[in-house]
Amino acid sequence: MILLSIHIVTGHPLWFVIFCLLLGTLYAAALYYKENKNEFSVTIKRVIAVLRLISVAFIAFFLLSPLLKLISSQVEKPVIIIAQDNSHSILNYADSSFYKSEYLKHLNTLAEQLKKKYDVKMYVFGEKTREFPTNEKIKFSDKQTDISSVFEDINNNFSGCNVGAVILASDGDFNKGAHPVYASQNMKFPIYTLALGDTNLRRDAKIVKVNHNRYAYPGNSFPLEIVLNAMQCRGMTGELKVLKDNEILYSKPISFSSDNYNTTVTVQLEAKGTGVQHYKVVISPLKDEISKANNVQDVFVEILNHRQKILILEAVPHPDISVLKQSLENYNDYEVDVFSENEFTGQPTSYNLIILHQVPSLKKSSRQLITTIVKNKIPVLFILGTQSDLAAFNDLKSGLNINQPKSIYNESQAFGNKDFSQFSLNTETWRIINDFPPLTCPFGQYKVQNSANIFLFQKIGSVTTAQPLILLNQVDDVRYGIISGEGIWKWRLADYAQKNNHEAFDEIISKMAQYLSVKEDKSFFRIHNEHQYLENQPIEFSAEVFNDSYEPVHEPDIEMTINSNDGKKFPYTFSKTESGYQLNAGNFPVGVYNFNAKVKVGKNIFEKRGEFIILPLNAENINMTADHKILYDLAKKHDGEMFYPKQMELLANKINQRQDIRSVSFTQKKYTDMIDLKSLFFFILLLLTTEWFLRKYFGGY
């Protein structure tokens, strides 16, 4: 609700208005007091005199420089945010029918009760948080649960608003994002929780996780590390199987010796054939088991006929080397060798990518080795540090020149370049990059070649500089990468500390290695896409088309057909953009797909083939027990309480009884020169026009 009050202020005492009225009176009197020539009637004379008096008084009033003071008062009701868990796990419990119907009615009733006094905003969360229209029905369909996204969204959308409280309705289970209690630490308002689901332990044998390599090579064996859990299954026996095309490759009986049974089984499989191979890991269902959806997991392994070889040369032993090797070998499509620059006697030409950690160094020039690398156009990733010979590095003209007058170093954090487009990263990776610990970087004047692309900038203290922390460059068909600081081992530790995995760090290193080591595509038709997608991710492609002069063209249409393994075909046409072509094919079921794309340029027809995998996302079926402790801790930490679905009326009363959740008033003042008001100009013009008309009408001139 907005209240508006208007005041007139001047730079002079307000009683000066008397002089304005006096001036208007004298002017009107002088004009009409002894006006006998036209013989106006007394009434008309008085009317036109008053009109002249008001007009002149208004004009004189403007000499006081009057201002119009507008005071607007806005009363803002408290915002109550209801965040409902929309993940599939809510339907895993025995009372799933209650949550599909009756519970939703109670939730709508709660919202309507609170709307009488508060401004209620309804959100749902799962894979992400989004505002939920009240005319739609909650379907509990999300494949993941990210409770932390609720608090991130509130910070982004309600900063500075009068948030009274948050009502979080969930079972407490999360499998994406940060821990909810940690993520909510900046919330300054009460958090109430609705505890959904069931905390009772019920019989359930499940495959928690299958750890495996994404790639393998023909003739090699590769491991499947199968993590099993069984609740309330003491004394029962199940059978663990690994199948491929309905053929049993491995079988083992499992005896559950306790009511909370955990074990890890490692299976070695032989890599046969090439391309994507589909395996199923199955634990046989048990009697009266609550869910059979988590008894099966699909595993996809791509059998490659080649792998990239990477050489890491170090100036001195450094923890960076270990994390680089671990990160690259985690993808299994890289074969990594590590040598000190003094010990390496091999041939650089046998490697697809060379990582030089503080090489060239102050201790040894390695001039001959580096000359061989440059001469043979081998891609290089330079990592600079306190042992780097910057003068020798600058001579290589790799894309960055650092003039360091003194041996001084900065502690520089990473800050992402939003315009970087050489490769894409997961949204979560971009977010976490800015929280990584600083690297030790040379202090000096940085000069970047125009052809270079900055991936990350240096942030020194609270100042984001234009100096590159990581950049990529291409010189004469050879790609170079430069990390201008040492200490990336701290990034991998920080990644694990935040998310209990190394996915963000590994993605950065693998994407850089992939970009640097890949050979430039010289074809006239190019298709770009990810090789693996989760089942809740849209399938996106980009494409480029060139003429005989390698100039990009956008006129011809690109037709694509996506084929599933069961023979279904899905035809698409790419959308044209300023930079090329784009296609969002939407979501696909789990499986292996191949595609065939064609484009006609002049008389030439170009064709591209490829394949991609849709990986299953079974996170919501793993945990069949609600975690109400997280909900209790959230409420307790933020001056709220935890309630159960049948206590919604009590929850509404608790919020209504709080004295600290109340409306706030904001006052805003605005000054406007009255002489600028067009309405006053037309008012004075109307007065003078009316006076003139009356004079003419009644015989004046």
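With +1 on each Lys and Arg Cβ and -1 on each Asp and Glu Cβ, how big is the dipole of the range 204-303 about its Cα centre, in debye rounded to the nearest 20? Walk me through the numbers on the way to the answer.
On the way: 11 positive and 11 negative charges, 8 e Å.
It works out to roughly 40 debye.
Of the options ASN246, LEU324, PHE570, report the single residue whose Cα projects farthest towards the positive end of the charge dipole of the chain (beta-carbon charges: Lys, Arg +1; Asp, Glu -1).
PHE570
Take peptides 242-250, 647-655 and line them up by average Cβ neighbours within 10 Å, highest first, as a rough protection proxy. Walk me through the numbers before you get to the answer.
Details: 242-250: 13.0, 647-655: 17.1.
Packing proxy ranking, top to bottom: 647-655, 242-250.
For SER141, SER89, SER451, which order do you get if you count the other beta carbons within 10 Å of each Cβ and list the fewest first? Numbers along the way, then the final one.
Working: SER141 14, SER89 29, SER451 10.
Listed from fewest to most nearby Cβ atoms, that is SER451, SER141, SER89.
So what J values fall out for the range 447-453 if you push phi through Karplus, 6.51 cos²θ - 1.76 cosθ + 1.60 with θ = phi - 60°, rounded to Hz, Gly and Pro as x?
Once θ is set to phi - 60°, the couplings for the range 447-453 become 10, 9, 5, 4, 7, 7, 10 Hz.
Which ³J(HN,Hα) values, rounded to whole Hz and listed in residue order, are derived for the range 673-687 from phi using the Karplus coefficients 6.51, -1.76 and 1.60 in 6.51 cos²θ - 1.76 cosθ + 1.60 with θ = phi - 60°, glycine and proline given as x?
So the J values, rounded to whole Hz, are 5, 5, 5, 8, 7, 5, 5, 5, 4, 5, 5, 5, 4, 5, 4.
Please determine, in degrees from 0 to 90 and to the nearest 10, the orientation of helix 42-61 with respect to the longest principal axis defined by the Cα atoms of the chain, where the helix direction is its Cα long axis.
Approximately 40 degrees, to the nearest 10.
Rounded to the nearest Å, what's the spacing between the alpha carbon centres of the range 618-656 and the range 425-452? Just the number, please.
Using only Cα atoms to place each centre, the spacing works out to 40 Å.
How much length is gained if the chain between ASN587 and THR372 is pulled fully straight, taking 0.36 nm per residue apart and subtracting their Cα-Cα distance, in nm to one decimal?
Details: separation 215, 0.36 × 215 = 77.40 nm, distance 4.74 nm.
Full extension from ASN587 to THR372 adds 72.7 nm.
So what J values fall out for the range 578-587 if you push phi through Karplus, 6.51 cos²θ - 1.76 cosθ + 1.60 with θ = phi - 60°, rounded to Hz, Gly and Pro as x?
Karplus values, whole Hz, x for Gly and Pro: 5, 9, x, 10, 9, 8, 10, 8, x, 9.
Working from Cα positions, state the angle (0 to 90°, nearest 10) between the long axis of helix 102-115 and the longest principal axis of the chain.
Helix 102-115 sits at roughly 30 degrees to that axis.
Have a look at LEU356, PRO218, LEU21 and report the one farthest towards the positive end of the charge dipole of the chain, computed about the Cα centre with Cβ charges (Lys/Arg +1, Asp/Glu -1).
LEU21
In the range 34-122, which GluC sites (Glu not before Pro) fall in coil by DSSP and have 12 or fewer other Cβ atoms within 10 Å?
Values: sites: GLU35, GLU39, GLU76, GLU102, GLU112; in loops: GLU35, GLU39.
Those satisfying the criteria are GLU39.
For the chain, find the longest principal axis of its Cα atoms and tell me its angle to the long axis of helix 148-157, 0 to 90°, nearest 10.
With both axes taken from Cα atoms, the answer is about 30 degrees.
Report the residues of the range 73-88 in range of a label on ARG130: point 7 Å along Cα→C-beta, backbone N strictly under 17 Å from it.
Zone members listed by number: 83-88.
Summing -39500 (n - 2.57) over the DSSP H runs of n ≥ 4 in the chain and dividing by its residue number, what mean residue ellipticity at 222 nm do you reach, to the nearest 500 deg cm²/dmol?
Details: 15 runs with 168 residues, N = 701.
Taking each H run of at least 4 residues, the total per residue is -7500 deg cm²/dmol.
Just going by the charge dipole of the chain, with Lys and Arg at +1 and Asp and Glu at -1 on Cβ, which of THR145, TYR118, ALA60 is farthest out on the positive end?
Farthest towards the positive pole: ALA60.
Given charges of +1 on the Cβ of Lys and Arg and -1 on the Cβ of Asp and Glu, with all other atoms neutral, how large is the dipole of the range 525-617 about its Cα centre, in debye to the nearest 20? Mind showing how you got there, number by number?
Numbers: 9 positive and 13 negative charges, 61 e Å.
Magnitude of the dipole: close to 300 debye.
Roughly how many debye, to the nearest 20, is the charge dipole of the chain about its Cα centre, given +1 on each Lys and Arg Cβ, -1 on each Asp and Glu Cβ, and no other charges? Please list the in-between numbers first.
Values: 75 positive and 75 negative charges, 503 e Å.
That gives a dipole near 2420 debye.
Where a number appears in this text, it was derived from the coordinates with a stated rule and is not lab data. This one's a predicted model, so the numbers in the text were calculated from it and none came from an experiment. Don't worry about glycine lacking a Cβ; one is built from the backbone with ideal geometry, like all the others, and counts go over all protein chains shown.
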